[in-house]
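Colleague: Sharing a structure here in structure tokens format.
The values are calculated or read from the model by the stated rules, or taken from the named source; none is laboratory data. Keep in mind the model is a prediction, meaning the values are calculated, not measured. Cβ placement follows ideal geometry from the backbone for every residue including glycine, while neighbour counts extend to all protein chains displayed.
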Amino acid sequence: MSANTPKLNRREVFAAAASLLTASSVASLPARGASTGIASARVVVIGGGYGGATVARFLRKADPSIDVTVIEPRRTFYSCPFSNLVIGGLLPFSAISFGYDGVAATGIRMVFERATRVDPVAKTVRTEGDLEFPYDRLVMAPGIEIIWNALPGYDRAAAALMPHAWEAGPQTRLLRKQLEEMPDGGVVAIAPPTNPFRCPPGPYERASLIANYLKTHKPRSKLLVLDSKEYFSKQILFQRAWAELYGDLIEWHSVLDYGPVIAVKPKEMVLVTESKEIKVDVANVIPPQRAGHIAQTTGLADETGWCPIDPVTFESTLRPGIHVLGDAAIAGAMPKSAFSANSQGKVCAIQIARLLNGQLPLRTKLLNTCYSLVGPGYGISIAGVYKPGEQRIESIEGAGGISPIHASAEFRREEADYGTDWFRTITEQVFG
């Protein structure tokens, strides 16, 4: 999508989302008397993030007779969206922390254990506490798994010195702490991975908000972005904002400058590129990723490390009866984002309810809007509308948009406000 694409009004995006999903939900309500004879069909959901919790809640809305169990190892969900604001000192850690009382209140069974084994033939899920849950349909929403040692020198121990903070929680706190403790005049480096990875604009929003913190509290410092790519999401908008807000505080280096970061030396705080070694004070290393571990061991991922799906139902093309959504899925043109996972969860719930009630799936549309905060009161965004193609999810040309390159300060403030409103709305909908 070019930077000159006309921007879709954000109110229009939310109106379109409500219209599409409400129409789909009404059309998908199970026809009474058309049941296949399954009494209290059982759906198990692995993962309680934006995708998993959404599909569980919308399954209960689509057909309250469905027995829904969510297996999630953590009692508190830490949101990756808005975690960059915590790292940049604009929000407290509590702002991205959510419990599951609201989910359980809808009649969903919450099991706080780690799913360790899926038997696709017997249709059962086992947990590390040796609990077993049978299912008629299984939903996998396990998020991502860091590929340790894909970058030489970067393992779990290295993450304690060079945090990735790409799974929110303790790593978010650690990176924030390191920035606070760094002396003025220090050097911060962010090393983003190659595509695909969770939240393509995320490293550059993070660079923006760290720069805002440094400009305010440690103005003699420098921030380096050592990219493994030539281009990145919303690049022209980010770079114009960086020049306007932060001057030369941020240095972005594409893969053509030094080559990618090919290794790290955590104890020395050194990043090794193809052409030089760079010593820094704080290193945010974002390593390669793949679908969550349980998806790998269940045989849902292909050679890419991600899970191929049917573009209409999100059912795995490798393991029938198992649906995959969110970051773990190969969702075609849809990026790996919380908005995408939420949109996919709603549609997936509709399709599962229909399948369990002997109905054909619907061909419906999906949405994504990605907001990025570049500084306090300065937001940018990109939106897309998608449809199922023959083999993959495809963009609907001309149905999305990107923030205009030239916009007033008031417009940027409105975009920032829209992003805040979106976060409040989605977290209330999913966890409230």
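Colleague: Out of all the residues in segment 166-189, which are surrounded by fewer than 20 Cβ atoms within 10 Å (Cβ to Cβ) and part of a loop (DSSP other than H, G, I, E, B)?
Modeller: Hits for segment 166-189 are Glu167, Gly169, Met182, Pro183, Asp184, Gly185, Gly186.
Colleague: What number of residues in segment 205-242 are under 27 Å from Ser408 (Cβ atoms), crowded, with 20+ Cβ neighbours inside 10 Å and among the charged types (D, E, K, R)?
Modeller: The total comes to 3.
Colleague: With respect to Ile278, is the statement that it is within 22 Å of Pro200 (Cα to Cα) and either among the β-branched types (Val, Ile, Thr) or modelled with pLDDT under 95 (or both) true?
Modeller: No.
Colleague: With Thr124, Thr76, Thr69, Thr106 as the choices, which residue is surrounded by fewer than 16 Cβ atoms within 10 Å (Cβ to Cβ) and touching a Lys or Arg at 6+ places or on another chain (Cβ under 6 Å)?
Modeller: One residue alone meets the criteria, Thr106.
Colleague: When residues of segment 134-149 are filtered for being assigned to a loop (DSSP other than H, G, I, E, B), over 21 Å from the mean Cα position of the chain (by Cα) and either touching a residue at least 60 places away in the same chain (Cβ under 8 Å) or within 30 Å of Val68 (Cα to Cα) (or both), how many remain?
Modeller: 2
Colleague: Please go through segment 59-99 and give me each residue that is among the small types (Gly, Ala, Ser), assigned to a helix (DSSP H, G or I) and in contact (Cβ under 8 Å) with a residue 12 or more places away in the chain, ordered by number.
Modeller: Those that are among the small types (Gly, Ala, Ser), assigned to a helix (DSSP H, G or I) and in contact (Cβ under 8 Å) with a residue 12 or more places away in the chain: Ala62, Ser83, Ala95.
Colleague: Somewhere in segment 392-415, is a residue under 30 Å from Val121 (Cα atoms) and outside any strand (DSSP E or B)?
Modeller: Yes: segment 392-415 contains one or more residues that are under 30 Å from Val121 (Cα atoms) and outside any strand (DSSP E or B).
Colleague: Would you point out which residue out of Ile87, Ile46, Ile66, Ile96 is more than 21 Å from Asp327 (Cβ to Cβ), modelled with pLDDT of 95 or more and of a type in the set (A, V, I, L, M)?
Modeller: Only one candidate passes the filter, namely Ile66.
Colleague: So which of Val374, Val312, Val324, Val347 is hydrophobic (A, V, I, L, M, F, W, C), farther than 24 Å from Arg424 by Cα, surrounded by 24 or more Cβ atoms within 10 Å (Cβ to Cβ) and at pLDDT 95 or above?
Modeller: Within the list Val374, Val312, Val324, Val347, the selection yields Val324.
Colleague: Could you check Ala383 against (1) modelled with pLDDT of 95 or more; (2) among the small types (Gly, Ala, Ser); (3) surrounded by fewer than 16 Cβ atoms within 10 Å (Cβ to Cβ) and say which number it fails?
Modeller: For Ala383, the exception is condition (3).
Colleague: Being more than 12 Å from Ala341 (Cβ to Cβ) and surrounded by 24 or more Cβ atoms within 10 Å (Cβ to Cβ) is the filter here; which residues of segment 36-56 pass it?
Modeller: Scanning segment 36-56 gives Val43, Val44, Val45, Ile46, Ala56.
Colleague: For segment 355-371, which positions are crowded, with 23+ Cβ neighbours inside 10 Å and either out of contact with any Asp or Glu (no Cβ under 9 Å at 6 or more places or on another chain) or part of a loop (DSSP other than H, G, I, E, B) (or both)?
Modeller: Leu366, Leu367, Asn368, Thr369, Cys370
Colleague: Quick check on segment 251-264. Is at least one of its residues closer than 25 Å to Arg206 by Cβ, without any contact (Cβ under 8 Å) to a residue 24 or more places away in the chain, more than 18 Å from the chain's Cα centre (by Cα) and not in a helix (DSSP H, G or I)?
Modeller: yes
Colleague: Taking Leu245 as the residue in question, decide whether it is touching a helix residue (DSSP H, G or I) at 6+ places or on another chain (Cβ under 9 Å), crowded, with 17+ Cβ neighbours inside 10 Å and not polar (S, T, N, Q).
Modeller: For Leu245, the condition - touching a helix residue (DSSP H, G or I) at 6+ places or on another chain (Cβ under 9 Å), crowded, with 17+ Cβ neighbours inside 10 Å and not polar (S, T, N, Q) - is met.
Colleague: Does segment 109-126 contain at least one residue that is within 23 Å of the chain's Cα centre (by Cα), assigned to a helix (DSSP H, G or I) and of a type outside the set (A, V, I, L, M)?
Modeller: no
Colleague: Restricting to segment 128-145, give me the number of residues that are surrounded by 18 or more Cβ atoms within 10 Å (Cβ to Cβ) and within 15 Å of Gly292 (Cβ to Cβ).
Modeller: 8
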